[in-house]
Amino acid sequence: MPEIRQLPAHVVNQIAAGEVIERPASVVKELMENSVDAGATRIDVSIEKGGRERIRIADNGCGIAPEQLKLAVTSHATSKIQSADDLFKVQTLGFRGEALASIASVSRFLIRSRTAEAEGGHELRVNGESSAEPAPCGCPVGTVIEVQSLFFNTPVRRKFLKTVQTEMGHVTEFFSRLALAHPQLHFTLRHNDRLIHDLPPTNRWNERIAALYGQDLAEKLIWVESEEGENLLRGYIAHPSESRSHARMQYLFLNGRFIRDRALQHALSEAYRGLLLTGRYPISFLCLDMPPENVDVNVHPTKLEVRFQDGGRHYSQMLGTIRGKFLSSDLNHRGQVKEEKKTSDSKVETKKTEESDTQEIATSEENSWQSRTEDARQTLSNWATEQLQQTKENSFDSELQEEQIVESKSKQFTSINNELNSIADETNSVDIEESDTSFSPTAERLNTSTIEKNNFTKDFINNDPELAPSIRLAADTKAIQVCNRYLIAEEGDGVVIIDQHALHERVLYEQLRERVLAGNLAKQRLLIPEPVEVTAEEAALALEHQELLNQVGLEVESFGDNTLLVSSYPAILKEVKIEELLRDALAQLQKEGKQLAVRDLIDDLLHQMSCKAAVKAGDHLTHEEVQALLNQRHLAQDAHHCPHGRPTALVFTRAELDKQFKRT
């Protein structure tokens, strides 16, 4: 019969190390947290070979008295809690008393420390199982810990370490988490004596975020804040135009501690529902502060997971705060234009050389402009000829109307041609910078009075002959349709380009959702129910979710074997094949299964329906249809994104346009 024995202390510590110390980054995390708890204002981290060979962390905290150095590296020794009751109101990052003992048991460990009252410091060396007595040494106030040859006495653990680059990536991630949680502290990180991060203390959290993740991301963050009783939620969320293919950029800090919580991550995802494409995850930097007695942090060895006393309340607070902020924010995507790189001239260039270069550039631009003018004239002439021929071929009610249209086209073409000739004659006398008019890409220069005089509103939206046939002006609006898929309109102090399919999809989705929630979705009943052949699995799924399908307008029933009878469908989907609609709905049910709530499944089905019913890219819209779609844009709650997360519009401000046309 096996004999029960007490395990030796070093074996107990190595077992604990298996839970707490997974890799070099775990060492960095535990030691940095101890430094923060010690009241340090500066923490320096130095790594060699990804932490495999050496980890050094120095701080200017309170230090450890020499008589307590040896106790500090023993199991379950800590100064942060005194009784079991303290576990329910933990206010420090560390409290288990396992970190130093676990680290020292699997490495060559050195700790130097000095308190403010002491004249000198002391050091303690631990070599796996054995440790020496503390010895005097010189060191500043604070603590320095060096960990060398991690897992040297547990070769199996060492064998499972990844490459230097991978391990260093994990170290940087843990370093960043703590640096984000405590922007008031000074942090530095070095790898192989190369400075990676030097983060001075700051009172502006977005400065710390910018230092770690770039200024571009920091500029696209939106501040959110809410207070409910003793719970304070504050921080930054990213504009929906910024997302990632993973959830690792979702930072949540509870009372200064980085945590992962599935419920709160789900609340974040719900807040971004319909604003991000499938497979994309939001970016967030959020802090949640609450009394320590309202949360249990002692449920995970690495303290990464916690248990809330009232998780539902925090879920609602996060979802409501972020969603409310989105409703009051401009989430339209801004058009991005690439700026030309400017190269500075050499300071030793002579004035003569500069004048020569300027003259060459001016001559080159003039020749290029004249060439484009001739090309534009020839292209416009060819296009106008084709338009006249098409007008003749497409007869109208009478020959008289045809002659009037041809005459009108001829006059408009003559006007454009005269304008071009006028421009060509004035080429040598016009100063581009000082002129009140501007040049188009095809060298036509028409001022406002010229456009009004020739009445181009219906037939010539743009004087570019290549674009004119595909652009249409909406009758009583400033909107035009381009390429049968985009709408361009003036809005505020700029121009907005709208994706007609994405916008219509959003409008239909919100209308469908409102009707479904109100229980009055219009259905189109079939005089003769349509049979649809499906698989046995699909048939069972459809019958199991009959009520759910009925809520979105699909009434189905069994017709024997693997055949379903569809007796109604949503009236808004007039041109959709019944069989295709049902199969898509069943595919969505198969995909989601029981992972989502009924509300989520209905939402996904409405996404599909609105997508199928919306106008498509390539559909020509009449003037009235363009006007109607633009009017409905202002009625949609989230008109800036389609239900799948794609932006419905791009906005270019006048300042951005002026920059591109060299007006600034």
(request) Could you list, in sequence order, all residues of region 541-587 that are polar (S, T, N, Q) and in a strand (DSSP E or B)? (result) 558, 563, 567, 568
(request) Check off (1) within 19 Å of residue 173 (Cβ to Cβ); (2) modelled with pLDDT under 90 for residue 241 and give me the number that stays unchecked. (result) (1)
(request) Answer yes or no: is there a residue in region 217-236 that is at pLDDT below 90, more than 30 Å from residue 46 (Cβ to Cβ) and touching a helix residue (DSSP H, G or I) at 6+ places or on another chain (Cβ under 7 Å). (result) no
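So is residue 548 at pLDDT below 85 and assigned by TED's automatic domain parsing to the domain that holds residue 625 or not?
Details: at pLDDT below 85: yes; assigned by TED's automatic domain parsing to the domain that holds residue 625: yes.
Considered against the rule, which asks whether it is at pLDDT below 85 and assigned by TED's automatic domain parsing to the domain that holds residue 625, residue 548 comes out as yes.
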(request) Pull up region 245-278, narrow it to residues that are out of contact with any Asp or Glu (no Cβ under 7 Å at 6 or more places or on another chain), aliphatic (A, V, I, L, M) and within 13 Å of residue 308 (Cβ to Cβ), then point me to the one that is surrounded by the fewest Cβ atoms within 10 Å (Cβ to Cβ). (result) 263
(message) Just to verify a result, which residue in region 282-315, among those that are modelled with pLDDT of 90 or more and hydroxyl-bearing (Ser, Thr, Tyr), is surrounded by the most Cβ atoms within 10 Å (Cβ to Cβ)?
(response) 284
(message) When you scan region 474-496, do you find a residue that is touching a strand residue (DSSP E or B) at 6+ places or on another chain (Cβ under 7 Å), surrounded by 17 or more Cβ atoms within 10 Å (Cβ to Cβ) and at pLDDT below 50, even just one?
(response) yes
(request) Output the number of the condition that residue 161 fails; it satisfies all remaining conditions of (1) touching a Phe, Trp or Tyr at 6+ places or on another chain (Cβ under 9 Å); (2) modelled with pLDDT of 95 or more; (3) of a type in the set (A, V, I, L, M). (result) (2)
(request) Filter region 108-136 down to residues that are more than 48 Å from the chain's Cα centre (by Cα), surrounded by fewer than 21 Cβ atoms within 10 Å (Cβ to Cβ), modelled with pLDDT of 90 or more and small (Gly, Ala, Ser), then give me how many there are. (result) 3
(request) Name every residue in region 249-266 that is among the small types (Gly, Ala, Ser) and touching a Gly at 6+ places or on another chain (Cβ under 9 Å), in order of residue number. (result) 263
(request) Could you list, in sequence order, all residues of region 53-81 that are in a loop (DSSP other than H, G, I, E, B), crowded, with 21+ Cβ neighbours inside 10 Å and not β-branched (Val, Ile, Thr)? (result) 61, 63
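Please count how many residues of region 634-645 are part of a loop (DSSP other than H, G, I, E, B) and either surrounded by 18 or more Cβ atoms within 10 Å (Cβ to Cβ) or among the small types (Gly, Ala, Ser) (or both).
Counting residues in region 634-645 that are part of a loop (DSSP other than H, G, I, E, B) and either surrounded by 18 or more Cβ atoms within 10 Å (Cβ to Cβ) or among the small types (Gly, Ala, Ser) (or both) gives 8.
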(message) I'm checking my understanding of the structure. Among residues of region 610-623 that are assigned to a helix (DSSP H, G or I) and either in contact with a helix residue (DSSP H, G or I) (Cβ under 6 Å, 6 or more places away or on another chain) or acidic (Asp, Glu) (or both), which one is modelled with the lowest pLDDT?
(response) 613
(request) Could you tell me whether region 534-546 includes any residue that is touching a helix residue (DSSP H, G or I) at 6+ places or on another chain (Cβ under 7 Å) and small (Gly, Ala, Ser)? (result) yes
(request) Could you tell me which of the residues 296, 310, 289 is within 27 Å of residue 42 (Cα to Cα), of a type in the set (D, E, K, R) and not assigned by TED's automatic domain parsing to the domain that holds residue 603? (result) 289
(request) Determine whether residue 20 is modelled with pLDDT under 90 and over 17 Å from residue 110 (Cβ atoms). (result) yes
(request) Might you check whether a residue that is touching a strand residue (DSSP E or B) at 6+ places or on another chain (Cβ under 8 Å), outside the structural domain of residue 275 (by TED's automatic domain parsing) and loosely packed, with under 15 Cβ neighbours inside 10 Å occurs anywhere in region 510-522? (result) yes
(request) Return the residue satisfying two criteria in turn: it lies in region 151-208 and is aromatic (Phe, Trp, Tyr) and surrounded by 18 or more Cβ atoms within 10 Å (Cβ to Cβ), and of such residues it is nearest to residue 303 (Cα to Cα). (result) 174
(request) Exactly one condition in (1) farther than 23 Å from residue 176 by Cβ; (2) basic (Lys, Arg); (3) not in a loop (DSSP other than H, G, I, E, B) is not met by residue 234; state its number. (result) (1)
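Being among the hydroxyl-bearing types (Ser, Thr, Tyr), touching an Asp or Glu at 6+ places or on another chain (Cβ under 8 Å) and at pLDDT 90 or above narrows it down to one residue among 26, 35, 105, 75; which is it?
35
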(message) I need every pair where a residue in region 626-649 that is touching a residue at least 40 places away in the same chain (Cβ under 8 Å) has its Cβ under 9 Å from the Cβ of a residue that is of a type in the set (Lys, Arg) and assigned to a loop (DSSP other than H, G, I, E, B), sequence separation at least 6 or different chains.
(response) 643/273; 645/273; 645/280
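Yes/no matrix, rows are residues, columns are (1) surrounded by 13 or more Cβ atoms within 10 Å (Cβ to Cβ); (2) of a type in the set (Ser, Thr, Tyr); (3) modelled with pLDDT of 80 or more:
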site: 590; (1), (2), (3): no, no, no
site: 594; (1), (2), (3): no, no, no
site: 625; (1), (2), (3): yes, no, yes
site: 653; (1), (2), (3): yes, yes, yes
(request) Given the conditions (1) of a type in the set (Val, Ile, Thr); (2) closer than 19 Å to residue 631 by Cβ; (3) assigned to a loop (DSSP other than H, G, I, E, B), report the number of the one that residue 507 does not fulfil. (result) (3)
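The values are calculated or read from the model by the stated rules, or taken from the named source; none is laboratory data. Model, not experiment: these values are computed from the prediction. Quick reminder, even Gly has a Cβ in these numbers, built from the backbone with ideal geometry, and neighbours come from all protein chains shown.
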